[in-house]
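Peer 1: One structure, as structure tokens, below. Some questions next.
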Amino acid sequence: MSTSLLNVRNLKVSVGGKAILFGVSLKIIPGELHVLMGPNGSGKSTLAKALAGDPAVHVTGGSARFAGKSLLTQAADVRARAGLFLSFQYPVGMPGLSLSHFLTAAVRERKWDESAVARELPPMLNFLQLPSDVFSRDVNEGLSGGEKKRSEIAQLGVLLPKLAVLDEPDSGLDVDALQALAKVIDRFHRQGMAMLLITHYSRLLKYLRPDAVHVMVGGKLVKSGGPHLAEEIEQRGYEPLLPPV
Amino acid sequence: MTPDRLRQIVTSKPASRYSFRDPERPVLRSPKGLSKVVVDLISEQKDEPAWMRRIRHEGLRHFLRLPLPPFGPDLSRLKFDELYFYLKPSERKAQTWDDVPPEIQRTFNRLQLPKYEQEFLAGVGAQYDSENIYHHVLPQLRKQGVIFSDVETAVRERPDLVKKYFGKLVPSSDNKFAALNTAVWSGGSFIYVPPHVHVELPLQAYFRINASRMGQFERTLIIADEGSFVHYVEGCSAPTYQASALHSAVVEVYAERSAHVRYTTLQNWSKNVYNLVTKRARAAANATVEWVDFNLGSGVTMKYPAVLLTGRGARADILSMAYAGKHQHQDAGARVLHLAPETSSVITSKSVSYGGGRTTFRGRLRVAPNAADCRSQISCQALILDRHSASDTFPTLEVDNASAVVAHEASVAKISDAQMFYAGTRGIPSKQAAALVVNGFFEPLIKELPMEYAVEMNRLIEMEMVGAVG
């Protein structure tokens with residue numbers, strides 16, 4: 001059995017004093033694509049933020065290791081430089097800071113070649129059907145919801161993480177944009193990037209080859225399985241997985 | 001700004017470029033404190049005519065009479081009795097850098113002034129404590145009749161111009177610090193640009209305080225005659241001492257009919273310096289005055305560059321940038337008086353407060369009853385980086401002519417935890433993220449500067465924010 005890239009054990013977190021996750025365990029091996037599904041408010045985004053190191057999310061129990069190191073005590077920027085990426089469901093704007101400058105700073109912090117930004121970002125924007133001036137526009141400013149999501153995914157091409165946590169990158173996209181997004185995700189997956197893809201809908205999964213699907217309900221993973229699990233949910237909804245009322 | 005430039009800025013260790021100090025070896029220092037004896041000593045040193053000494057005495061009278069400003073930062077720890085009001089660094093003024101005393105020459109080399117002079121300046125003046133120790137202007141400008149000297153030289157050689165303009169915009173009774181400067185002024189810049197002469201490259205002055213407990217009181221007088229153009233840049237810095245220092249300048253700018261004056265200040269005093277400056281300009285018909293005012297340094301700054309629009313069609317453009325970190329209060333602003341019809345003004349202020357720093361914007365706009373069809377646009381943006389820091393805005397609008405079109409907008413932004421986390425998830429630590437946001441916030445203003453100063457300004461901000469101190 002391969003060594004896991006991410007190993008989360010019995011993770012419990014709270015936000016603003018309210019418990020959100022009640023013991024989540026998850027193992028991702030390098031290069032694997034995992035899908036996380038679940039109804040609204042089940043804690044999917046909170047798990048993503050907890051992994052990325054959001055200071056607003058307080059870990060109250062459990063452990064997590066990433067790339068061989070204990071994860072939960074590290075600052076967000078340290079986790080990111082170790083190869084963890086989070087694509088936000090609602091990315092914040094950075095007024096006065098262009099995407100290219102922002103990513104150049106990110107690349108500089110990794111002591112990588114800064115020319116990667118000018119080389120890699122424009123083709124990504126183009127492929128994801130974003131206007132080319134997103135390169136020099138302020139980060140997430142003046143973009144529609146769908147454009148912001150694609151701008152997040154475009155950053156993958158520059159930052160090349162080991163594990164990309166993608167929080168609902170597909171919501172608000174039309175069919176063409178959805179297909180382009182799926183192609184990008186699939187390409188990076190085939191190149192060996194591990195992913196944790198959070199989505200409400202199985203429509204994106206038609207284009208992908210996930211290694212595992214997990215369902216989160218009420219702050220717990222209630223079911224894990226292969227791609228067929230997504231199809232089951234498509235047909236029957238989350239109802240059968242919900243706890244009895 | 002290219003990524004390479006930015007990286008240079010981040011990785012360089014420029015702290016020593018400003019904070020170093022030389023041994024104090026003045027050839028003359030006035031006794032501590034201010035008195036008529038000190039005023040007379042300064043006047044004697046300069047071998048002045050009686051009319052200028054009378055102006056000084058009047059300044060001293062007003063200084064003793066006037067109270068401290070009733071508004072703004074706390075000045076109670078400014079002890080006039082503890083300061084030296086005049087300090088002469090060397091016997092003569094040089095016209096080549098080789099003639100400057102070696103220690104002082106080294107100082108300005110570290111500040112890169114000779115290098116900038118060779119690369120892109122039309123003239124340079126360098127002041128060290130109380131006196132200009134170097135002055136030079138390109139020979140072809142001299143031939144065109146451009147004068148760039150200290151005010152002492154102008155008193156000797158162009159008393160006609162000095163008598164006509166000195167103290168006419170900023171009378172010594174204007175405020176306590178204008179009075180003080182009038183009493184003990186020393187050095188500074190005098191510029192005269194003849195009609196229709198365009199000085200394409202900037203003229204630069206650099207003001208350096210080296211001695212402890214020093215008061216520096218340069219006086220600047222700029223006269224741009226009809227249809228001329230000049231861009232004047234002043235930079236300033238000082239070593240850090242325990243004891244306070246005082247910098248109190250008076251600047252008067254006259255833009256005659258259709259003239260255009262741009263005045264850029266890059267203020268980077270050390271945090272023990274009180275920077276209390278009166279700056280005022282007058283724009284005649286169709287003339288333009290631009291103040292570009294960057295305040296990064298000093299412990300306390302009070303400075304409100306003003307423009308009096310006295311001729312039809314005159315324009316004022318004031319850009320004010322302030323950065324206040326720990327133990328700093330930048331009380332800056334702008335004043336514009338529309339005194340003639342069809343005059344226009346644009347006031348743009350951007351400030352950042354950080355680490356307990358405080359910024360204040362005081363803006364005053366007045367449109368006189370006879371000034372028909374004026375336009376003014378005022379925009380104030382403040383960025384507050386943490387909960388220990390603060391920013392205030394005090395705009396005053398007095399519009400006495402109904403045809404005026406006045407637009408005013410103000411906004412306060414904070415760097416949110418969400419933004420910090422977002423940058424973190426890309427691998428950018430929070431200090432660097434804050435520096436990026438601040439640089440981005442100031443960028444539209446910094447773009448207005450010549451390239452070399454823009455680089456310098458970004459470097460300074462980076463230094464302050466990240467503490468990239470070697």
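Peer 1: Can you find a residue in the range B:424-444 that is more than 14 Å from every other protein chain (Cβ to nearest Cβ) and of a type in the set (S, T, N, Q)?
Peer 2: no
Peer 1: Among the listed residues A:65, A:119, which satisfies the condition of being out of contact with any Lys or Arg (no Cβ under 8 Å at 6 or more places or on another chain), more than 9 Å from every other protein chain (Cβ to nearest Cβ) and either free of Cβ contacts under 8 Å to residues at least 12 places away in the same chain or under 27 Å from residue A:171 (Cβ atoms) (or both)?
Peer 2: Unique residue meeting the criteria: A:119.
Peer 1: What number goes with the only condition from (1) among the aliphatic types (A, V, I, L, M); (2) closer than 25 Å to residue B:434 by Cα; (3) assigned to a helix (DSSP H, G or I) that residue A:47 does not pass?
Peer 2: (2)
Peer 1: Which members of the range A:171-183 meet the condition of being surrounded by fewer than 22 Cβ atoms within 10 Å (Cβ to Cβ) and at negative phi?
Peer 2: A:171, A:174, A:175, A:176, A:177, A:178, A:179, A:180, A:182, A:183
Peer 1: Also, I was wondering about something else. Could you name every one of the helices (runs of 4 or more DSSP H) located completely within the range B:1-69 that has at least 1 residues being at pLDDT 75 or above and farther than 13 Å from residue B:85 by Cα?
Peer 2: Filter on the range B:1-69 gives B:36-45, B:50-65.
Peer 1: Ok, one more. Specify which of the listed residues (B:427, B:440) is on the phi > 0 side of the Ramachandran plot and surrounded by 19 or more Cβ atoms within 10 Å (Cβ to Cβ).
Peer 2: B:427
Peer 1: When you look at residue A:138, is it more than 18 Å from the chain's Cα centre (by Cα), within 11 Å of chain B (Cβ to nearest Cβ) and over 19 Å from residue B:436 (Cβ atoms), yes or no?
Peer 2: So residue A:138 does not fit the description; no.
Peer 1: While we're here: For the range A:145-170: of the residues being touching a Gly at 6+ places or on another chain (Cβ under 8 Å) and away from every other protein chain (no Cβ under 13 Å), which is modelled with the highest pLDDT?
Peer 2: A:149
Peer 1: Of all helices (runs of 4 or more DSSP H) completely enclosed by the range B:70-179, which ones contain at least 1 residues that are under 20 Å from residue B:48 (Cα atoms)?
Peer 2: Those helices (runs of 4 or more DSSP H) span B:151-157, B:159-165.
Peer 1: Let me ask you something else. Report, by residue number, each residue of the range A:68-92 that is assigned to a helix (DSSP H, G or I), facing chain B (nearest Cβ under 7 Å) and crowded, with 23+ Cβ neighbours inside 10 Å.
Peer 2: A:76, A:77, A:80
Peer 1: Checking the condition out of contact with any Asp or Glu (no Cβ under 6 Å at 6 or more places or on another chain) and surrounded by fewer than 22 Cβ atoms within 10 Å (Cβ to Cβ), which residue from B:240, B:220 passes?
Peer 2: Of the residues listed, the single one that is out of contact with any Asp or Glu (no Cβ under 6 Å at 6 or more places or on another chain) and surrounded by fewer than 22 Cβ atoms within 10 Å (Cβ to Cβ) is B:240.
Peer 1: Out of the residues in the range A:93-109 meeting the condition of being of a type outside the set (Gly, Ala, Ser) and either in contact (Cβ under 8 Å) with a residue 40 or more places away in the chain or assigned to a strand (DSSP E or B) (or both), tell me which one is nearest to the other protein chains (Cβ to nearest Cβ).
Peer 2: A:97
Peer 1: Somewhere in the range A:148-169, is a residue in contact (Cβ under 8 Å) with a residue 12 or more places away in the chain, crowded, with 17+ Cβ neighbours inside 10 Å, of a type in the set (Lys, Arg) and farther than 27 Å from residue A:8 by Cα?
Peer 2: Yes: the range A:148-169 contains one or more residues that are in contact (Cβ under 8 Å) with a residue 12 or more places away in the chain, crowded, with 17+ Cβ neighbours inside 10 Å, of a type in the set (Lys, Arg) and farther than 27 Å from residue A:8 by Cα.
Peer 1: I've got another one for you. Can you tell me which residue among B:375, B:364 is within 24 Å of residue B:262 (Cβ to Cβ), away from chain A (no Cβ under 14 Å) and free of Cβ contacts under 8 Å to residues at least 60 places away in the same chain?
Peer 2: None of the others qualify; the one that does is B:375.
Conditions tested, residue by residue: (1) under 26 Å from residue B:430 (Cβ atoms); (2) hydrophobic (A, V, I, L, M, F, W, C).
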residue: A:8; (1), (2): yes, yes
residue: A:37; (1), (2): no, yes
residue: A:42; (1), (2): no, no
residue: A:48; (1), (2): yes, yes
residue: A:53; (1), (2): yes, no
residue: A:58; (1), (2): yes, no
residue: A:66; (1), (2): yes, yes
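Peer 1: When you look at residue B:450, is it within 27 Å of the chain's Cα centre (by Cα) and either under 30 Å from residue B:342 (Cβ atoms) or within 14 Å of another protein chain (Cβ to nearest Cβ) (or both), yes or no?
Peer 2: no
Peer 1: Still on this structure, please answer the following. Please find, within the range A:184-217, the residue that is nearest to residue A:25 (Cα to Cα) out of those that are surrounded by fewer than 18 Cβ atoms within 10 Å (Cβ to Cβ) and among the hydroxyl-bearing types (Ser, Thr, Tyr).
Peer 2: Restricting to residues being surrounded by fewer than 18 Cβ atoms within 10 Å (Cβ to Cβ) and among the hydroxyl-bearing types (Ser, Thr, Tyr), the top hit is A:201.
The values are calculated or read from the model by the stated rules, or taken from the named source; none is laboratory data. Just so we're clear, the structure is a prediction, and the values are computed from it rather than from any experiment. When we count neighbours, we look across all protein chains shown, and the Cβ atoms used for this are built from the backbone with ideal geometry, even at glycine.
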